[in-house]
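Heads up: the structure comes next, in structure tokens.
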Amino acid sequence: MEKDPIEEKSREQKNFDKWRKSLMYITGLGLSIEDKKKIETELEKDFEDYQCKRCEKWRDMLMRNSPIVTFMLKSLEEAGCKIDKRHLQCKPCDESRSGGFSPDHGILLCQNRFFSKKHQEDTMVHEMIHLFDHCRFKVDWNNCLHHACSEIRAASLSGDCRWTRELRRGFFNFTKQHQVCTKRRAILSVKQNDACSAPGVAERAVAEVFESCFNDTQPFDEIY
């Protein structure tokens, strides 16, 4: 199919205009303060659009081709919570998270926080485990023990605590590395829950349910 020469020319002009504005912004030549702020806003919007498209592209690819993501999709359907890509939304987030789950809004994928497609895959599985737990147990997310259990399972089963991720964070333990990471990551997540944010609450909740929840690998046969 031949390309429309008018559309192609328009696309080339837009690309040239973006390049010109970027060059003007870098050099500062011929720009007023107002012009600079306007270009900054346009560049930020362009980068946000790029991150969103990349996140959605990776999401769709992983939902088709990733063995662990497709397994979770099947497990969720069997648990009575069938989902599709509409339930996994790409949005910008602050630095405290790479994803999130809400019973009312589904799964959030933080488009500006992923350093690789593998990182996004782990995040998708992490949040899908929360959804699986919610479907299976009707989790009360204001109950710190319930929340702690799901965070332990998600950190342990999603790949979030594999040793390569821990090295990237600057953590590594030669003994029980996986358990140590799972506890730390679960406590960090539970602390973000307003109902569990008081000093010591998250730590006690994770300690109380750790053994039973760490050993519960459903829907997997073993830790991924």
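Take the conditions outside any loop (DSSP other than H, G, I, E, B) and either at positive phi or among the basic types (Lys, Arg) (or both) and apply them to ARG86. Does it pass? For ARG86, the condition - outside any loop (DSSP other than H, G, I, E, B) and either at positive phi or among the basic types (Lys, Arg) (or both) - is met.
Filtering segment 187-224 down to residues that are in contact with a Cys (Cβ under 7 Å, 6 or more places away or on another chain) and within 19 Å of VAL125 (Cα to Cα), which residue is surrounded by the most Cβ atoms within 10 Å (Cβ to Cβ)? Top of the filtered list is VAL190.
Would you call HIS147 farther than 25 Å from ARG54 by Cα, part of a helix (DSSP H, G or I), at pLDDT 95 or above and open to solvent by less than 50 Å² (accessible area, probe 1.4 Å)?
On the way: farther than 25 Å from ARG54 by Cα: yes; part of a helix (DSSP H, G or I): yes; at pLDDT 95 or above: yes; open to solvent by less than 50 Å² (accessible area, probe 1.4 Å): yes.
Against the criterion (farther than 25 Å from ARG54 by Cα, part of a helix (DSSP H, G or I), at pLDDT 95 or above and open to solvent by less than 50 Å² (accessible area, probe 1.4 Å)), HIS147 qualifies.
Scanning segment 40-77 for residues that are hydroxyl-bearing (Ser, Thr, Tyr) and either assigned to a helix (DSSP H, G or I) or more than 18 Å from the chain's Cα centre (by Cα) (or both) turns up THR41, TYR50, THR70, SER75. Can you find, within segment 171-181, the residue that is least open to solvent (accessible area, probe 1.4 Å) among those that are out of contact with any helix residue (DSSP H, G or I) (no Cβ under 6 Å at 6 or more places or on another chain) and of a type in the set (A, V, I, L, M, F, W, C)? Selected residue: VAL180. Pairing each residue of segment 201-224 that is within 11 Å of ARG153 (Cα to Cα) with any residue that is modelled with pLDDT under 95 and surrounded by fewer than 13 Cβ atoms within 10 Å (Cβ to Cβ), provided the two are 6+ apart or on different chains, yields no C-beta distance under 8 Å.
Residues ARG153, ARG184, ARG168: which one is part of a helix (DSSP H, G or I), open to solvent by less than 10 Å² (accessible area, probe 1.4 Å), basic (Lys, Arg) and out of contact with any Leu (no Cβ under 6 Å at 6 or more places or on another chain)? It would help to see each step written out before you state the result.
On the way: ARG184 fails: open to solvent by less than 10 Å² (accessible area, probe 1.4 Å); ARG168 fails: open to solvent by less than 10 Å² (accessible area, probe 1.4 Å).
Just a single option satisfies the conditions, and that option is ARG153.
Does any residue of segment 54-66 turn out to be open to solvent by less than 50 Å² (accessible area, probe 1.4 Å) and either in contact with a strand residue (DSSP E or B) (Cβ under 7 Å, 6 or more places away or on another chain) or in the same structural domain as GLN192 (by the TED database) (or both)? Checked segment 54-66: at least one residue is open to solvent by less than 50 Å² (accessible area, probe 1.4 Å) and either in contact with a strand residue (DSSP E or B) (Cβ under 7 Å, 6 or more places away or on another chain) or in the same structural domain as GLN192 (by the TED database) (or both).
Of the residues that sit in segment 102-144 and are among the aromatic types (Phe, Trp, Tyr) and in a helix (DSSP H, G or I), which one is modelled with the highest pLDDT?
Residues of segment 102-144 that are among the aromatic types (Phe, Trp, Tyr), as a first pass: 114-115, 132, 137, 141.
Filter once more, so that each one left must be in a helix (DSSP H, G or I): 132, 137.
Numbers: PHE132: 97, PHE137: 88.
Going through the qualifying residues, I end up with PHE132.
Sort out which residues of segment 71-98 are touching a strand residue (DSSP E or B) at 6+ places or on another chain (Cβ under 9 Å) and open to solvent by less than 80 Å² (accessible area, probe 1.4 Å), and write them in order of number.
Once the filter is applied, which keeps residues that are touching a strand residue (DSSP E or B) at 6+ places or on another chain (Cβ under 9 Å) and open to solvent by less than 80 Å² (accessible area, probe 1.4 Å), segment 71-98 yields ILE83, HIS87, LEU88, GLN89, CYS90, PRO92, CYS93, SER98.
The values are calculated or read from the model by the stated rules, or taken from the named source; none is laboratory data. It should be emphasised that the depicted structure is a prediction, and the values quoted were computed from it without experimental measurement. Counting neighbours? That spans all protein chains shown, and the Cβs are built from the backbone with ideal geometry, glycine included. Side chains are part of the model used for accessible areas, which takes the heavy atoms of the whole protein and leaves out ligands, DNA and RNA. Shrake-Rupley method; radii C 1.70, N 1.55, O 1.52, S 1.80 Å.
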